[in-house]
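All of the numbers you see were taken from the coordinates with simple rules; none came from a lab. Quick caveat: nothing in here was measured; it's all calculated off a predicted structure. Positions of Cβ are generated from backbone atoms using ideal geometry, with glycine treated the same way; all protein chains shown enter the neighbour counts.
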Amino acid sequence: MVNKKSPLPLYYQIEEHIKGMIDSGVLKPGDVLPSERELAEQFTISRMTVRQAITNLVNKNFLYRKKGSGTYVSQHKFEQSLHGLTSFSEDMRRRGLEPGNKLIHFELSSPTDDLVHHFSLKEDDLVYKIKRIRLASNEPMAIETTYIPVKLIPGLSQEILSHSLYQYVEEEIGLKLGHASQSIEAAAATEDDAKHLKLEKGEPVLFIQRETYLEGGSPFELVKSTYRGDKYKYKMDIERLR
């Protein structure tokens, strides 16, 4: 409840109360918030104060509004640091979630000119093309298309791909991953994205391209991923240049 004698603004107290209900699980993602009138009556404050608190929480992505429907609790977003090279499976396990894959496409194919150049391949070299949906506790998070030269991982199979590829490469084959170059762009979900990621066509997504290299600097993989915009955000710390 609110304390009208507190030096803290009433709208801020309402914000903190609603955030506490979200953090504790009383309000879950997708739950509808009581109306402004109901909240004003509950806390015996003005609707204007309630509206300010709700607007602040919408701006901070704790809540979202649907025109003509109401205000809802937002889905929790996974915060991904831009520092450190980890696989999707490793990242999900660190969060206490069970990583999973749904394989859409797996083939050996002739590389495009861009892939020949990127991997320094010969004309008769082949690449694996792997397209899969990445899952977090059975929830679709991303569509990922990966290209890897066959000569780096002979005998790659669907069974191997059902687990962490990075772990397999380092522990079973003995290759050591060194670093990656990654770009992130805002994009709109295509029909294919929407179908696989439980989105509407045109919803915001993150398009991420990662080029991963072995310790010696040789290219290992090229990955093109589409992540759900309602589930993922990236964070990095920056310092002022002196």
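Each Lys and Arg Cβ is given +1 and each Asp and Glu Cβ -1; about its Cα centre, the range 78-235 then shows a dipole of about 460 debye. Summing charges over neighbours of Phe119, with a neighbour being any other residue whose Cβ is under 15 Å away from its Cβ, gives -2 when K and R count +1 and D and E count -1. Extending 7 Å from the Cα toward the beta-carbon at both Ala194 and Ser120 defines two label points whose distance is 4.4 nm. Longer than 23 Å from Cα to Cα, which of Lys131/Lys195; Lys66/Lys198; Lys4/Lys28; Lys198/Lys231; Lys102/Lys195 are they? Say none if no pair is. Distance filter (> 23 Å) returns Lys4/Lys28. Taking springs between alpha-carbon atoms closer than 10 angstrom, which of Val50, Val205, Val127 fluctuates most in the Gaussian network model of the chain? In this elastic network of the chain, the residue with the biggest mean-square fluctuation among Val50, Val205, Val127 is Val50. By how many degrees, 0 to 90 and rounded to 10, does the Cα axis of helix 47-59 deviate from the longest principal axis of the chain? The angle comes out at about 10 degrees.
In the chain, once you exclude exposed GluC sites (Glu not before Pro) (DSSP loop, at most 11 other Cβ within 10 angstrom), what's the longest stretch remaining? Here the longest segment lacking exposed loop sites spans 1-122. Annotation: extensible slack from Thr44 through Asp237 equals 65.3 nm (criterion: 0.36 nm per residue apart, minus Cα-Cα distance).
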